[in-house]
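> Below is the structure I would like to discuss, written out as structure tokens.
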Amino acid sequence: MALSSVIHKDTRELRIHESLDELSTDLADYIAELSESCVKERGFFCIALSGGSLVGLLRKICEAPYNKTVDWARWHFFWADERVVSKNHPDSNYKLAKDGILSKVPVIPSHVHSMNDAASAEAAANEYEFTIRQLVRTRVIDVSEISDCPKFDLVLLGMGPHGHVASLFPDHDALNEKDEWVTFLTDSPNPPPERITFTLPVINSASHVALVVTGEHKAEAVKSVMNGAGTDCPSLPAQMVRPTSGKLVWFLDSAAASQLDVSSSS
Ligand SMILES: O=C1O[C@H](COP(=O)(O)O)[C@@H](O)[C@H](O)[C@H]1O
């Protein structure tokens, strides 16, 4: 696999790939290694998925050799965000993952923690937070030493062309949510309007966060996020992804990285 470059920018690692195929393989290697060490250390691997283009880029982890070498029975699946639609609706992040991942590898159905699609956005968000609390209590999900937040082993995020992550959109009140682990929106600027999302404290309590961003239409937002690194007043949700004690890795293709000045990075 030809990794075009690995760059360290502040506390972030940037992995830039020439092709989507290479990116998908690197992402599979990264997740498989993380899963192995988490299973060895804690007996579980708790991964939170997003929707969108990310899911297609997870295709390699469902193929040989990973489909046979990964300890799928120890994985617990969560969603960093969900759209309030039925589970068989084309907009459902659960459906996307089911078609692209869950139907292809031997997951344990009771380890798939999807959101309730028969409840209101508010009720489903509360119910999801309750599910997560139970799994923190039983130590399936680790707990942050700094906050009382769940500490997911890996939160996988995509980023929209205007810098949104999960269902946290620029200038939206949900960005300020400090108390809840899971919140809901009824006025998402992108359809569908009703969504459920992890809050920033939960994302930033994860032990690993990977932002997977591809395509030239996202190059401007990638540049803005990187240029705003370390700023006290970040405006883009993706800039606010700063794991407190965890590691942040960006997986980019060369089109998404095309506006970055990587020469000055270490
Ligand atoms: O609405 C959403 O968008 C983001 C980004 O999606 P992408 O297709 O531009 O990669 C996604 O990560 C999130 O889960 C989804 O609900």
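Coordinate-derived values only; no laboratory data. Computed from a predicted model, the values in this text were never measured in an experiment. No Cβ is skipped: glycine too gets one built from the backbone with ideal geometry, and neighbour counts run over all protein chains shown.
> What fraction of the Cα pairs in region 2-60, stated in percent, has a spacing above 14 angstrom?
65
> While we're here: Remind me, relative contact order of region 1-149 in percent, using alpha carbon pairs under 8 angstrom and six or more residues apart?
Relative contact order here is 18 percent.
> Mind checking which of Cys38, Gly100, Ser53 is farthest towards the positive end of region 4-258's charge dipole, using Cβ charges of +1 (Lys, Arg) and -1 (Asp, Glu) about the Cα centre?
Cys38
> In bins 10 Å wide, starting from 0, what share of all Cα pairs of region 4-258 does each bin hold, as a percent?
Answer for region 4-258: a P(r) of 7, 33, 40, 19, 1 percent.
> With +1 assigned to the C-beta of every Lys and Arg and -1 to the C-beta of every Asp and Glu, and no other charges, what is the dipole magnitude of the chain about the Cα centre in debye, to the nearest 20?
Charge dipole of the chain: 620 debye, to the nearest 20.
> Can you work out ³J(HN,Hα) from phi for every residue in region 53-61, in order, using Karplus 6.51 cos²θ - 1.76 cosθ + 1.60 and θ = phi - 60°, giving whole Hz and x for Gly and Pro?
5, 3, 4, x, 7, 8, 4, 5, 5
> Sticking with this structure for a sec: Using Cα centres only, tell me the gap between region 1-61 and region 129-172 in whole Å.
Going from one Cα centre to the other spans 17 Å.
> DSSP H helices in the chain with Cα extent of 27 Å or more along the helix axis and mean Kyte-Doolittle hydropathy at least -1.0?
Taking the DSSP H segments of the chain (at least 27 Å long, mean hydropathy at least -1.0), we get 20-42.
> Across region 7-19, in residue order, what do the Karplus-derived ³J(HN,Hα) couplings come to in whole Hz, using 6.51 cos²θ - 1.76 cosθ + 1.60 with θ = phi - 60° and x for Gly and Pro?
Along region 7-19, the couplings run 10, 10, 10, 6, 8, 9, 10, 10, 10, 10, 10, 6, 9 Hz.
> Okay, next question. Amide H neighbours of Trp75 under 5 Å, at least 5 residues apart or on other chains, H built in the peptide plane: list them.
Amide H to amide H, under 5 Å and 5 or more residues apart or across chains, Trp75 pairs with Phe45.
> Hey, got the dipole for region 1-138? About the Cα centre, +1 on K and R Cβ, -1 on D and E Cβ, debye to the nearest 20?
In total the dipole reaches around 340 debye.
> OK, next. Give the peptides 166-177, 250-261 in descending order of average Cβ contacts within 10 Å, highest first.
250-261, 166-177
> What is the local net charge at Asp142, summed over the other residues whose Cβ is closer than 15 Å to its Cβ (Lys, Arg +1; Asp, Glu -1)?
Value of the local net charge: +4.
> Where does each of Thr69, Thr138 land when they are ranked from fewest to most other beta-carbon atoms within 10 angstrom?
Thr138, Thr69
> Would you please give the residues with an amide H less than 5 Å from that of Leu168, counting only those at least 5 places away or on a separate chain, with H modeled from the backbone geometry?
none
> Expressed as a rounded percentage, what relative contact order does the chain have, with Cα pairs under 8 Å and six or more residues apart?
This gives 22 percent for the chain.
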